[in-house]
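What follows draws every value from the coordinates through simple rules; no lab data is involved. Note that the structure is predicted; figures quoted are calculated from it, not measured. For neighbour counting, all protein chains shown are included, and Cβ atoms are generated from backbone atoms with ideal geometry for every residue, glycine included.
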Amino acid sequence: MQPPPPGPLGDCLRDWEDLQQDFQNIQETHRLYRLKLEELTKLQNNCTSSITRQKKRLQELALALKKCKPSLPAEAEGAAQELENQMKERQGLFFDMEAYLPKKNGFAYKDEYEKFKLYLTIILILISFTCRFLLNSRVTDAAFNFLLVWYYCTLTIRESILINNGSRIKGWWV
């Protein structure tokens, strides 16, 4: 490549070359990020399916133990009790492991949140017109205001749950 011309254009071209090099570094970092993310997703799926399999087998074992427990001799009851304790401990360990895995049904909760918002908005509009034109009393107005407060409190709670679960929604107040 030719040497950049002197002056402001040369400065711009040098800055552009620096940006190009930074962009190449960013692309490489992003490629590595995607590879690691893909690897992490595979590990999460593998871990989730392994835990599910283990839990199912543990339930089957618990059922089998429950069936054979009444017919056990007295000396084997201690071993059966120890096995039950170990199975309960294993369930707790699975719970701890699942806490680090991604939660399921996140999209279903967001979809349900959107439906809730839509339906209640329609209902609140109808009630507001009813309060304004048909039932002009303080009681209906107070009930409508209570319903509005309940609606916005519920929206705030649902939005904070969605945000904590990783959703990128904006609050109703924004």
Kindly rank 84-94, 69-79 from highest to lowest mean number of other beta carbons found within 10 Å of each residue.
84-94, 69-79
Please compute the Cα-Cα pair-distance distribution of the chain with 5 Å bins starting at 0, giving whole percents from short to long.
1, 6, 8, 8, 7, 8, 8, 8, 8, 8, 8, 7, 6, 4, 2, 1, 1, 1, 0, 0
Residues of the stretch 131-156 with the amide nitrogen closer than 20 Å to a label point 7 Å from the Cα of residue 123, along Cα-to-Cβ, please.
131-135, 139-156
Using only the Cα atoms of the stretch 106-164, build the gyration tensor, take square roots of its eigenvalues as a ≥ b ≥ c, and label the shape rounded, prolate or oblate: rounded if a/c is under 1.5, else prolate if a/b is larger than b/c, else oblate.
oblate
Hey, what number do you get for the chain at 222 nm if only DSSP H runs of n ≥ 4 count, each worth -39500 (n - 2.57), divided across all residues, to the nearest 500?
-29000 deg cm²/dmol
Could you tell me the calculated FRET efficiency between residue 133 and residue 103, based on Cβ-Cβ distance and R0 = 45 angstrom, to the nearest 0.05?
0.50
Qualifying aspartates and glutamates (Cα of each under 18 Å from Cα of residue 42; at least 8 residues distant if same chain)
98
Percent RCO, i.e. relative contact order, over the chain, from Cα pairs under 8 Å lying at least 6 residues apart
15 percent
Along principal axes, Cα extents of the stretch 8-99, largest first, whole Å
93, 16, 14
FRET efficiency, 1/(1 + (r/R0)^6) with R0 22 Å, evaluated for residue 94 and residue 66 via beta carbons
0.70
With 0.36 nm assigned to each residue of separation and the Cα-Cα distance removed, residue 59 to residue 29 gains 6.4 nm
